[in-house]
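Remarks on the structure that follows.
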Amino acid sequence: QVQLVESGGGLVQAGGSLRLSCAASGSINRFNAMGWYRQAPAKQREWVADITKGGTTNYAESVKGRFIITRDNAKNTVYLQMNSLKPEDTAVYYCRAGWGTSNWGQGTQVTVSS
């Protein structure tokens, strides 16, 4: 089991940037990957990006070229740099440890105004 704490959300205007952080209570290297997901009001939670233990990154088409996922193994932290934000990026963003696991954080709200 691992505790995940997201931070860095907030209100930003369209075109702006935010950097989300996900701090884990233990080593993130024990998981095959770390991922970011989001859930907008009245919508299902969707995958945004992930980064494998080896550093390979993958992105949803909707964020490719705008978002960057990175990891700092020494700090047991995963980041999501979000640039050129759009109103449709508004959602609660969640961090997840491992693929298909129940290791979720509590989420951080991101609101993009037009």
Open item on the list: Given an 8 Å cut-off on Cα distances and at least 6 residues of separation, report the relative contact order of the chain as a percent.
Closed with: 38
Task: Neighbour cut-off at most 12 other Cβ (10 Å), DSSP loop, GluC sites (Glu not before Pro), segment 27-95 - done: 61
TODO: Can you figure out the FRET efficiency of residue 1 with residue 53, using R₀ = 25 Å and their beta-carbon distance, to the nearest 0.05?
DONE: 0.85
Open item on the list: Let me check something: with ligands and nucleic acids excluded, how do 31, 67 order by accessible area (1.4 Å probe), largest to smallest?
Closed with: 31, 67
- [ ] Can you send over the solvent-accessible area of residue 45, 1.4 Å probe, protein chains only, in Å² to the nearest 10?
- [x] 90
Task: Heavy-atom surface of segment 3-44, accessible at 1.4 Å and reported per residue (Å²) - done: 52
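The values are calculated or read from the model by the stated rules, or taken from the named source; none is laboratory data. All values derive from a computational prediction rather than experimental measurement. Positions of Cβ are generated from backbone atoms using ideal geometry, with glycine treated the same way; all protein chains shown enter the neighbour counts. Accessible surface areas use protein heavy atoms only, side chains included; no ligands, DNA or RNA. Shrake-Rupley method; radii C 1.70, N 1.55, O 1.52, S 1.80 Å.
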